[in-house]
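A short worksheet on the structure shown next.
The values are calculated or read from the model by the stated rules, or taken from the named source; none is laboratory data. Since this is a predicted model, take the numbers as computed values, not measurements. In this analysis, Cβ positions are derived from the backbone assuming ideal geometry, glycine residues included, and neighbour counts consider all displayed protein chains. Protein only, heavy atoms only, side chains kept; ligands, DNA and RNA dropped before computing areas. Shrake-Rupley method; radii C 1.70, N 1.55, O 1.52, S 1.80 Å.
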Amino acid sequence: MNNLKKAPPVLILEDVAVAYKIRGGEIEAVQNVSFEINRGETHGIVGESGCGKSTVAWAVLNFLGANGYVKRGSIKFQGQELVGVTGEELRRLRGDQIAMVYQDPMQALNPSMRLGDQMSEVLTVHRDMDKKEAEKRCIEMLERVYMPDAANVMNRYPHQISGGQQQRVVIATALLNNPALLIMDEPTTALDVTVEAVVLDLIADLRREFDTAIMYITHNLGVVARVSTRVGVMYAGEMVERGTVEDIYKDPQHPYTQGLMRCVPKLGADKASSILYPIRGRVPPPNNRPVGCVFSPRCDYVREICHNKRPELLEFSSGVSVRCHFAGEIEADKWSPSDDILPPEIITDTSPREPILKLDNLKKYYEVQGSSLKDILGLGEQRYVKAVENADFDLPRGTTLGVVGESGCGKSTLIKTIIGLEQTTEGHAEFMEIDITDEISTRGEDVIKELQMVFQNPDSTMNPSYTVGQQIGRPMKRFSTVPKDEIRGEVIKLLESMRLGENYYDRLPRQLSGGEKQRVGIARALASHPNLVLCDEPVSALDVSVQAALLNLLLELQQEYDTTMMFIAHDLSVVRFFSDQVAVMYLGQIMEIGPANAIYAPPYHPYSEALLSAVPIPDPSAEQKHIRLEGTVPSAINPPDGCRFHTRCPRRELLPDGGAICETEMPPWRETAEGHRIFCHIPLETLNTFDPVITQKPEGSNHVS
Amino acid sequence: MLVKDYMTRHPIMISPETDASEAQNIMTENNIRHLPVVGDGKRLLGLITREKLHVPPSDLGSLNVWEISRLLSDLKVKGMMVKGKDLITTEGDITIEDAAKIMLEEKIGCLPVLEDGVVGGIITDTDMLAHLAHLMGATVQGVRVTIRMPDKVGESAKVTDVIASHGWGIYGGGGHDAPKQPGYWDAVLKIQGGDKEEVVAALEQIEGQEIIDVR
């Protein structure tokens, strides 16, 4: 409101360069970064990993480590130069005026101290407050960050509360001293989407209330669109574009920003918005950055000058500044994908095909060992973690099933049970008409060959001392799908279809980037020409531009080999584009399953509806319904009776007696004409009346709260 | 409209050990006139204003250039700031007019605002002026009329009735007793919806009231 009075910015970075000394010289990790943050403003910084986002944050706090230093430029906080400040003064600033929130709340909290003790320490140490008073203040702050049962939380240890709550404790601790600047480095990346949505709402609230300047670092364009007022895009240590969220998202000027926008799913109204166009190549390492424009090797508009001359920062009248020789001339609308990054066309074969996998009430329970004497003697009642409950669906040959849900909902257990890593507790599973519920040791090689898996983390699934060629060749050898002397040729063929080429054959995993490793992981899964490939979050650990390339590649290979796929993801936007069917899981139970198109439009299961409304969309003009789930996912040892979602369901009131039936009875499967099944007590007619979660804002009303 | 809503949160603050020249520099660069001086945990110790940094020429008169430069470089904020009973502060929970009264009575340009005993913000005469401008509707387009009315109950209701009946809105305003005319009250209103002529024509109909200024 005080727009007549102009307060000076809280933080001003001017032409900052950060260098790390290494053996035989030094590396400039960050160059020419300038921006400022005002009171009560959230300034987002986005970019892929290795682009120097965190380095900028550390430079502000002088956390660069023994070998890092600010080489050029100035960092001014509240009018005072921070570069060169050391010791006592810095300690005071960090304690009183600047606070940080990091990605992993578990690492910010001391596991051996009660939460109350570690929170009040901030006040007793920095402010000399007495213990009683400090504790009272902490409880107030916990209540401000919407912590349920705040007084009680003070007596708990970090492991006794959920991840979302841990992050709230960290944020509350950061705010205790009412800092002028809050630096948040990927604060929601480790959280589930529904929890993330709540934390993001909280950040927006707190910014308004405390007038805190927030530097928000993230790789997720959707998150930035939701919380920031202005945003800076970083690439290879430089800030290539900066402006208001509306300007940047609506009309990105820099080719890199344009590319980024194209490789994240938008989850808009139509399926076309989910088509991804990757950026070719990858981020250059800091010691090997190109001369001239850093983006030139990956740019679609590259010209002679880009290779020789570093572009200056051009400022436009709108306030957007862009580091590109041709800024303003490039029109994003006129862009058309070149052949090598064009996603394969989806062949929608509607003719029904025979199911390759049939699950019939498949269950997986884990036994839990109690700690009482009774339990140890085996006299107590046996308790179970009900990880997968009544999975029941058919998977037709050549199709893809996307499985979505929050962490701990049993997605991974489901596919581990199918592949045989876990033994089925009850129910029936048939793969190519062979029973696969028996122990894996009884499984024939012909079945194992046809069932392969791609894992989430390529680093931990590859033997670091085997070359790429050996890793991919191994399944071929084991299953003798290829004669011995042809293995090399076959491996190279596979590598080529992964767009990797023959020169990768003799490389070791450590010589590959994350995206390349995952390509090798996929190649290995495909080496035995399996009929069913199970992918456990294969792209979650990768950068967005690489993610898009891999997803497109997977799709292409699936069509080429006519493979069937099950694809796990934690967020609904990733699976939309290439799934034929999508299943949404909650607490071990499939809540909704059906054709991909049907899942993203009403009728929704109330849980899917909440998930859709939580996904951050990288488009400030998209409007989402505001549905936030309360509480946390209940324990799988003791899941709620009746419908497992009833404790958090926002739609229960639609039923008579406020949904009394949900607490006692399992819901029925409600089926629509197109084979879309919803596990809910609410009749389809009512579910049909829900509005779509995502709508486009009318033109001209774009405003970020 | 309380102090906590209009103060500048997170003001620039300095420590008592800061050099006076540095304080001077910070004020000039950021175009501000007051710097709260704080210790650990943002506890208020004093306040530096531009006047306080003023070194009287008589102090320097008898010194040569070298002595002057040494004198200046030895000056710390600690020795020059307002402190002790001269340091007047306020809480965030008082009204803006009460804060203005304190500043007028004490003839000072700023009040550090304490929250839980530590500096939560600062409110200055500039904030007051910004507040005044907002209060009078300086940021919205509209017709500004000053109406002189008898100081009686029901007079301003007449005005608002007329404005409401035309579907216009009041976006700012205020009033006080008419200068040199006892028994009368001047009200200023920023009205949005109608143009100047329409507003005048409508308000002129009210008996016993006079439009003394319109712009």
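Overview of results
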read-out	value
Lone qualifier among A:Ser54, A:Ser34, A:Ser112, A:Ser120 - being open to solvent by less than 50 Å² (accessible area, probe 1.4 Å), of a type in the set (S, T, N, Q) and more than 30 Å from A:Val264 (Cβ to Cβ)	A:Ser120
All positions within region A:552-584 that are of a type in the set (Gly, Ala, Ser) and either under 14 Å from A:Leu612 (Cβ atoms) or free of Cβ contacts under 8 Å to residues at least 24 places away in the same chain (or both)	A:Ala569, A:Ser573
Region A:481-523 - residue that is within 24 Å of A:Gln559 (Cα to Cα), open to solvent by 30 Å² or more (accessible area, probe 1.4 Å) and not in a helix (DSSP H, G or I) and, of those, modelled with the lowest pLDDT	A:Arg499
Pick from region A:178-204, criterion free of Cβ contacts under 8 Å to residues at least 40 places away in the same chain and outside any helix (DSSP H, G or I), ranking: farthest from the other protein chains (Cβ to nearest Cβ)	A:Leu191
Residue list for region A:425-435, filter: surrounded by fewer than 22 Cβ atoms within 10 Å (Cβ to Cβ) and either under 25 Å from A:Ala527 (Cβ atoms) or in contact (Cβ under 8 Å) with a residue 60 or more places away in the chain (or both)	A:Thr425, A:Glu426, A:Gly427, A:His428, A:Ala429, A:Glu430, A:Met432, A:Glu433, A:Ile434
Residue list for region B:137-170, restricted to those being within 14 Å of chain A (Cβ to nearest Cβ) and open to solvent by less than 50 Å² (accessible area, probe 1.4 Å)	B:Gly137, B:Val140
Pick from region A:167-180, criterion of a type in the set (A, V, I, L, M) and under 24 Å from A:Ser635 (Cα atoms), ranking: surrounded by the most Cβ atoms within 10 Å (Cβ to Cβ)	A:Val169
Those strands (runs of 3 or more DSSP E) lying entirely in region A:205-312 with at least 2 residues open to solvent by 20 Å² or more (accessible area, probe 1.4 Å)	A:238-244
Residue match in region A:42-63 (condition: in contact with a helix residue (DSSP H, G or I) (Cβ under 8 Å, 6 or more places away or on another chain), more than 14 Å from chain B (Cβ to nearest Cβ), of a type in the set (D, E, K, R) and farther than 17 Å from A:Met215 by Cα)	no
Members of region A:140-166 found to be open to solvent by less than 60 Å² (accessible area, probe 1.4 Å), more than 14 Å from every other protein chain (Cβ to nearest Cβ) and not in a loop (DSSP other than H, G, I, E, B), listed by number	A:Leu142, A:Ala150, A:Ala151, A:Val153, A:Pro158, A:Gly163, A:Gly164, A:Gln165, A:Gln166
In region B:103-155, the residues that are farther than 30 Å from A:His126 by Cβ and part of a strand (DSSP E or B)	B:Val143, B:Arg144, B:Val145, B:Thr146, B:Ile147, B:Arg148, B:Met149, B:Pro150
Matching residues, region B:8-63, being within 13 Å of another protein chain (Cβ to nearest Cβ), open to solvent by 60 Å² or more (accessible area, probe 1.4 Å) and assigned to a loop (DSSP other than H, G, I, E, B)	B:Glu17, B:Asn31, B:Arg33, B:Arg43
Qualifying residue in region A:23-38 (condition: assigned to a strand (DSSP E or B) and within 14 Å of chain B (Cβ to nearest Cβ))	yes
Residue within region B:70-85 that is in contact with a strand residue (DSSP E or B) (Cβ under 6 Å, 6 or more places away or on another chain), β-branched (Val, Ile, Thr) and more than 30 Å from A:His126 (Cβ to Cβ) present	no
Odd one out for A:Phe690, checked against (1) touching a Gly at 6+ places or on another chain (Cβ under 9 Å); (2) open to solvent by less than 20 Å² (accessible area, probe 1.4 Å)	(1)
Test: A:Ile12 is open to solvent by less than 50 Å² (accessible area, probe 1.4 Å), within 14 Å of chain B (Cβ to nearest Cβ), under 22 Å from A:Val224 (Cβ atoms) and modelled with pLDDT of 85 or more	yes
Some residue of region A:71-93 being more than 14 Å from chain B (Cβ to nearest Cβ), in a helix (DSSP H, G or I), within 30 Å of A:Gln166 (Cα to Cα) and open to solvent by 50 Å² or more (accessible area, probe 1.4 Å)	no
Residue in region B:71-92 that is touching a residue at least 40 places away in the same chain (Cβ under 8 Å), under 29 Å from B:Gly175 (Cβ atoms) and either touching a Ser or Thr at 6+ places or on another chain (Cβ under 6 Å) or in a loop (DSSP other than H, G, I, E, B) (or both) present	yes
Residues satisfying the stated conditions in region B:104-129, i.e. more than 10 Å from chain A (Cβ to nearest Cβ) and charged (D, E, K, R)	B:Glu105, B:Glu106, B:Lys107, B:Asp125
Residue within region B:76-87 that is surrounded by fewer than 18 Cβ atoms within 10 Å (Cβ to Cβ), within 12 Å of chain A (Cβ to nearest Cβ) and over 30 Å from A:Glu81 (Cβ atoms) present	no
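Listed here are the residues, each with its yes/no results for (1) closer than 30 Å to A:Lys493 by Cα; (2) among the charged types (D, E, K, R); (3) out of contact with any Gly (no Cβ under 8 Å at 6 or more places or on another chain).
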| residue | (1), (2), (3) |
| --- | --- |
| A:Leu557 | yes, no, yes |
| A:Glu560 | yes, yes, yes |
| A:Phe567 | yes, no, no |
| A:Leu587 | no, no, no |
| A:Ile593 | no, no, yes |
| A:Pro620 | no, no, yes |
| A:Pro639 | no, no, no |
| A:Thr647 | no, no, no |
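Let's see how each residue does on (1) closer than 18 Å to A:Pro668 by Cβ; (2) at pLDDT below 85; (3) hydroxyl-bearing (Ser, Thr, Tyr); (4) open to solvent by 10 Å² or more (accessible area, probe 1.4 Å):
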{"site": "A:Met565", "(1), (2), (3), (4)": "no, no, no, no"}
{"site": "A:Leu572", "(1), (2), (3), (4)": "no, yes, no, no"}
{"site": "A:Asp580", "(1), (2), (3), (4)": "no, no, no, yes"}
{"site": "A:Pro595", "(1), (2), (3), (4)": "no, no, no, yes"}
{"site": "A:Ile599", "(1), (2), (3), (4)": "no, no, no, no"}
{"site": "A:Leu611", "(1), (2), (3), (4)": "no, no, no, no"}
{"site": "A:Pro616", "(1), (2), (3), (4)": "no, no, no, yes"}
{"site": "A:Pro620", "(1), (2), (3), (4)": "no, yes, no, yes"}
{"site": "A:Asn638", "(1), (2), (3), (4)": "no, yes, no, yes"}
